Every structure is written in structure tokens, then in C-alpha cells.
Amino acid sequence: MALGIHDVTGGATAPGGPAAGVLARQPRTICGDFHMRIARDGSWHYQGSPIGRKELVCLFASVLKREADGSYWLETPVERGRVEVEDVPFVAVELTWGHCCGEGACEAGRRRPARQCLTFRTNLDEMVVADENHPIRVEIDPETREPRPYVTVRPGLEARISRPVFYELVALAQPETMDGREVLGVWSEGVFFVIDDSPAEEDEALLEPHDDELA
């Protein structure tokens, strides 16, 4: 028997259903708003109360989708409903890096390994390697230079890179020239991700405190 969101959150009434031993394929019910919210710090809330069970949050996160209009939905086999997301659904809380030595990548005399790998761990313990399908992007306010860094976890779903992790990225960054301009960024799986477009003048601004709930 497939369970819906309200069943696992304790909001369901006693099931009626078909007779025992009879399986009925029911169409997915559009429930509108699930009254569920994902806060900017990555915590999940249901009807105003935090969901304390990490296993339950991981279950919900596994069926989270994002539509082309930017709205977020939980989709189970029997229900589909909207979820409020304050920023993005996940938070990258840890970074590990190493050299992924493919063919010829670590030959002596190379200026840098061609395939450095940057792996992020999210607040739900999902591991994400930054690459062409999981890009790192940084929004920078043109006036305050405040950075807002993100990494793609799954199609349409991103993790906000926490401040300590972003500081680690800045420490790994190096200048490159792209389209005739000098930029600052990091390499992962052979892909260069820009984190600032003017390192010579303003790279120190990246290290200044910014609006982040994770100290």
C-alpha cells in the first residue's frame, strides 16, 4: 500500500481502502499546498513545526522536484503537492578535494592536475562532485559584492554553499583568463567554475562576512 505525505507526517486518518489482497492503481492526487517549508538553513517544517527525524526529511527530499516556473513539489506515487522553499532545498556543509588522475592527468611537470575533484556533502549527507552536470555558481551583488554560492545537487535542485565551505573554495581558487578577462575560480573534474570576475582588485571581498545562517 502506497503512503502519502500526510500518512508519514501523522496527518492521515484511518485508511478505508479496498478489501485485503486487492491492489488498486489510483491516480496521483494533486493536494495543492502541503503546508511544508524548507528554511534557508536547510531545516524542514510541517504545519509550522520542525521535522526532527532526519530519515523522514531524507525521504521527502528524495521525491522533491522543481518545475520550470521555479516552484517546488513533493511527488509520491499517490500525491503531488507544493512545498515552500525559502532559498534552495539543501546546504553544502562540507568540502573534500583531491586529484582524480585520469590518463595523463598527473604527469610530472604539469602546472596543475587536469582533474582536481571537489566533493560536497549536504546537510542530508548526499555527496555531490562538482562537474559539468553539477556546476558551482556564485551570485555576487554588484553593489555590496556579497557572494551567494550554490552547487547543483540534482536537476533543478541546488545546495547553498555554507560560509565555511565557501572560504575553503576561495582558498583553492586560482586566476584564469576567460574571454580576455581575468577571473578567479576553481577546477573540478576538468571544469573551471568562476567564483569572482575581478580577482586582482576585489578578491578580498569574497572573504568578508556575508548573510549566512551557518556561522
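The values are calculated or read from the model by the stated rules, or taken from the named source; none is laboratory data. All figures in this text were calculated on a predicted structure; none of them were measured in a lab. Don't worry about glycine lacking a Cβ; one is built from the backbone with ideal geometry, like all the others, and counts go over all protein chains shown.
Scanning segment 71-89 for residues that are touching a Pro at 6+ places or on another chain (Cβ under 9 Å) and of a type outside the set (Ser, Thr, Tyr) gives 78, 83. Among the residues of this structure, residue 173 counts as one that is closer than 24 Å to residue 117 by Cβ, hydrophobic (A, V, I, L, M, F, W, C) and modelled with pLDDT under 95. Selection of strands (runs of 3 or more DSSP E) fully inside segment 145-195 by the criterion of at least 2 residues being over 16 Å from residue 122 (Cβ atoms), out of contact with any Leu (no Cβ under 8 Å at 6 or more places or on another chain) and outside the structural domain of residue 39 (by TED's automatic domain parsing) returns 174-178, 181-188.
Within segment 21-38, the only residue that satisfies the criterion of being in contact with a helix residue (DSSP H, G or I) (Cβ under 9 Å, 6 or more places away or on another chain), farther than 12 Å from residue 76 by Cα and at pLDDT below 85 is 34.
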